[in-house]
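Inspection log for the structure reproduced underneath, given as structure tokens.
The values are calculated or read from the model by the stated rules, or taken from the named source; none is laboratory data. This one's a predicted model, so the numbers in the text were calculated from it and none came from an experiment. Cβ: placed from backbone, ideal geometry, glycine included. Neighbour counts: every protein chain shown.
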Amino acid sequence: MSWRPAPRLFLFLLVSVLPALAAAGVRNLLSNDLLSNDPTKQDLLKSGRADDALRELQLRVRKNPADAEAWNLMGRVYFQLELWDDAIRAAAKSVELNPSSSEYHQWLGRAYGEKADASGSLSAFSLVRKVKNEFERAVALDTQAGNLSARSDLAEFYIEAPAIMGGDKSKAAALSQFVMKHDAALGHYIAARLAQEQKNTALAEQQYKAAVEAGGNAPEHWVHLASFYRRTGRLQEMESAVNRAAASPAQNGIGLFDGAAILLRGGRNFPAAIAMLRRYLALEDQSEDGPAFAARFLLGQLLEKQGDMQAAAGEYRAALALAPLYKKAQDALARVSR
């Protein structure tokens, strides 16, 4: 099972919550899983036709309100749409209906994390506790080590969170060692994240490269290395790693989607990023982690950067045709249409 970390999961811990706690005097937050036995539902979620997916899943829970899987999938669609309250509501329902599912607790923890990221200051504090509780519960339920991504999510929390909010780098290191025995690439990734947080960039780079090697050059590990290079300002090496990710033969093309996103954030080679996204959108099999509406939105951003407002508007409209609730595309279309 491959896994990619949920985006922006703990940014709030460093840039929002902790400064607010200090000011208040308190100082003393995409695996590619099998989605359903019904291939139609799987295709809907992976292709990014969010409106169609929600319609079918809502029909499914109306017919059977106790369908925990449908609630989980619905939460994941809302997660794609960045509608955190709706994602929490649906994910919490799946946990209520099937409290023994490690995966369902994990997705609820992810939704809480993103909600906390979007919340302000002290209001996020209680959500941080919920993130920790859900990830720890997901790991506790995974007695057969079949959901290693839950351990990776929990390690990410331990790495990023301040100690006062449950952070614990020694626990993250222990999780890395445990995961290493079952999935060496993922174990090296956790070790890289820990080294990076501890400002040991040489060790972090070594661990990211070890993950690439152990993972058989899988695109997600090249993406992690490229992200590391971007954050450390090594943009030429970032672009080289992106090219390796994009060249991967992985069927769902996630290296193309992620590679284009990194080039956009790094301000490099927008024409190549545009070509990557067009290749990605032409694939029959895409990834839950890169829904088509998000790819259309990224493509619009790149075209906008190049000054082609008409083409950008067309991509934002295409994103909204798939996902009318996607606010980022709504706002972008309004901006370029003025």
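Structure summary
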read-out: Some residue of the stretch 195-203 being among the charged types (D, E, K, R) and in a helix (DSSP H, G or I); value: yes
read-out: Hey, Gln236 under 17 Å from Val336 (Cβ atoms) and assigned to a helix (DSSP H, G or I) or not; value: no
read-out: Test: residue in the stretch 323-331 that is closer than 22 Å to Ala247 by Cα, aliphatic (A, V, I, L, M) and outside the structural domain of Ala118 (by TED's automatic domain parsing); value: no
read-out: Test: residue in the stretch 68-91 that is among the aliphatic types (A, V, I, L, M), in the same structural domain as Asn147 (by TED's automatic domain parsing), modelled with pLDDT of 95 or more and in a loop (DSSP other than H, G, I, E, B); value: yes
read-out: Residue that is farther than 22 Å from Gln196 by Cβ and assigned to a helix (DSSP H, G or I), where the choices are Lys130, Lys171; value: Lys130
read-out: Scope the stretch 275-291; condition surrounded by fewer than 23 Cβ atoms within 10 Å (Cβ to Cβ) and assigned to a helix (DSSP H, G or I); matching residues; value: Ala275, Arg278, Arg279, Leu281, Ala282
read-out: Residue list for the stretch 235-260, filter: aliphatic (A, V, I, L, M) and either buried (at least 24 other Cβ atoms within 10 Å of the Cβ) or touching a Gly at 6+ places or on another chain (Cβ under 8 Å) (or both); value: Leu235, Met238, Ala241, Val242, Ala245, Ala246, Ala247, Ile254, Leu256, Ala260
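Yes or no, residue by residue, for (1) within 29 Å of Asp51 (Cα to Cα); (2) modelled with pLDDT of 95 or more:
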position: Ser102; (1), (2): yes, yes
position: Ala116; (1), (2): yes, no
position: Ala163; (1), (2): no, no
position: His182; (1), (2): no, yes
